[in-house]
Amino acid sequence: MIAPALAVLGAGAVTAAATGLGALPLAGRRVPGPRGAALAAAAAAGVMLAAALSLALEAWGLSPVRLAAGAVAGVVAMAAIGWLVGDGGETQLPGLAGSRARAPVLIVLVMTAHSFAEGIGVGVAFGDGDGYGWFVAAAIAVHNIPEGLAISLVLVPAGASVSAAAGWSVVSSLPQALMAVPAFLFVSAFSWALPAGFGFAAGAMAWLVASELIPGSLRAAPARPVSIAAVAGFAATAALGALLLL
């Protein structure tokens, strides 16, 4: 059992590391101004909405009731955290030079919560014992790249370096490695919790998009380009997800 568990841990670590690749498109680019940052946040919102929809659809097929309960819990939890964080003036991420870190802090927290659910998904898939776990791990690793981009699109305009954004992207996905092994070892118990975990992540991401990213984008840029950026982020992520299912 030790060797398979180490393989599961390794698979989870690879999926986490892949998230850092999402920062690469921003390498060598200048920090955008307020309008550019607003459009970047809108694109990140589209990416997160596509990810939330994917999780919700997956959970719906497992248990609509647990999906709904998890989604409500995700919204309530993130609303409470948002209230505790306040305007972000006293909450900083290492490597972030900006004076207002509310949105960056919240997106890292939301994506970290989302990674717990995906880590459970990796472990449960390996627990089936038919090789399906490797497919799921590979799919999540590829899917993590646009999620890392979503994080970077918020962190870099707020003052983080590309390397710091990549680092925080990887940190946000570390729960995938941490949760994969216990989910593999106790597959039955974690299978029951999986739809609630997916629902929690979907609700948390939807809350962040609706309460932070889109309103913030609309304060700094016109509605039309914000909408186009959000739709582009959503479409690109949805298309990537569709390709992974082929």
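The values are calculated or read from the model by the stated rules, or taken from the named source; none is laboratory data. Here the structure is a predicted model, which means the values were calculated and not measured. All Cβ positions, even for glycine, are placed from backbone atoms using ideal geometry, and neighbour counts span all protein chains on display.
Criterion applied to Leu26, Leu84 was being under 22 Å from Leu155 (Cα atoms), surrounded by 18 or more Cβ atoms within 10 Å (Cβ to Cβ) and modelled with pLDDT under 90, and the one residue passing it is Leu26. Contact map, the range 143-162: residues that are in a loop (DSSP other than H, G, I, E, B) paired with residues that are of a type in the set (Ser, Thr, Tyr), Cβ distance under 9 Å, separation 6+ or inter-chain. Pairs shown: Gly159/Ser99; Ala160/Ser152.
Residue-wise test of (1) in contact (Cβ under 8 Å) with a residue 60 or more places away in the chain; (2) within 28 Å of Leu218 (Cα to Cα); (3) touching a helix residue (DSSP H, G or I) at 6+ places or on another chain (Cβ under 7 Å); (4) not in a helix (DSSP H, G or I).
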| residue | (1), (2), (3), (4) |
| --- | --- |
| Leu6 | no, no, no, no |
| Ala13 | yes, no, yes, no |
| Leu24 | yes, yes, no, no |
| Leu57 | no, no, no, no |
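Any chance the range 40-53 includes a residue that's in a helix (DSSP H, G or I) and surrounded by fewer than 17 Cβ atoms within 10 Å (Cβ to Cβ)? No - not one qualifying residue is present in the range 40-53. The single condition from (1) at pLDDT 90 or above; (2) of a type outside the set (D, E, K, R); (3) assigned to a loop (DSSP other than H, G, I, E, B) that Ala68 fails is (3). Is at least one residue of the range 208-228 free of Cβ contacts under 8 Å to residues at least 24 places away in the same chain and either basic (Lys, Arg) or crowded, with 24+ Cβ neighbours inside 10 Å (or both)? Checked against the condition, which is being free of Cβ contacts under 8 Å to residues at least 24 places away in the same chain and either basic (Lys, Arg) or crowded, with 24+ Cβ neighbours inside 10 Å (or both), the range 208-228 yields at least one hit.
May I ask you to list the residues in the range 26-37 that are in contact with a Pro (Cβ under 9 Å, 6 or more places away or on another chain), outside any loop (DSSP other than H, G, I, E, B) and under 20 Å from Trp168 (Cα atoms)?
Passing the criteria: only Ala37.
At least 2 residues that are closer than 20 Å to Asn144 by Cβ, in contact with a Gly (Cβ under 9 Å, 6 or more places away or on another chain) and not aliphatic (A, V, I, L, M) in each: list the helices (runs of 4 or more DSSP H) lying fully within the range 167-246 that qualify.
Those helices (runs of 4 or more DSSP H) span 187-208, 223-245.
What pairs can you find where one residue is in the range 113-140 and assigned to a helix (DSSP H, G or I) and surrounded by 23 or more Cβ atoms within 10 Å (Cβ to Cβ), the other is modelled with pLDDT of 85 or more and acidic (Asp, Glu), and their Cβ atoms are less than 6 Å apart, with a gap of 6+ or different chains? Short answer, once both residue conditions are applied: Ile140/Glu118. Considering only residues in the range 208-227 that are within 16 Å of the chain's Cα centre (by Cα) and not small (Gly, Ala, Ser), the one that is farthest from Leu49 (Cα to Cα) turns out to be Glu212. In the range 176-196, the residue that is modelled with the highest pLDDT out of those that are in contact with a Lys or Arg (Cβ under 9 Å, 6 or more places away or on another chain) and of a type in the set (Gly, Ala, Ser) is Ala196.
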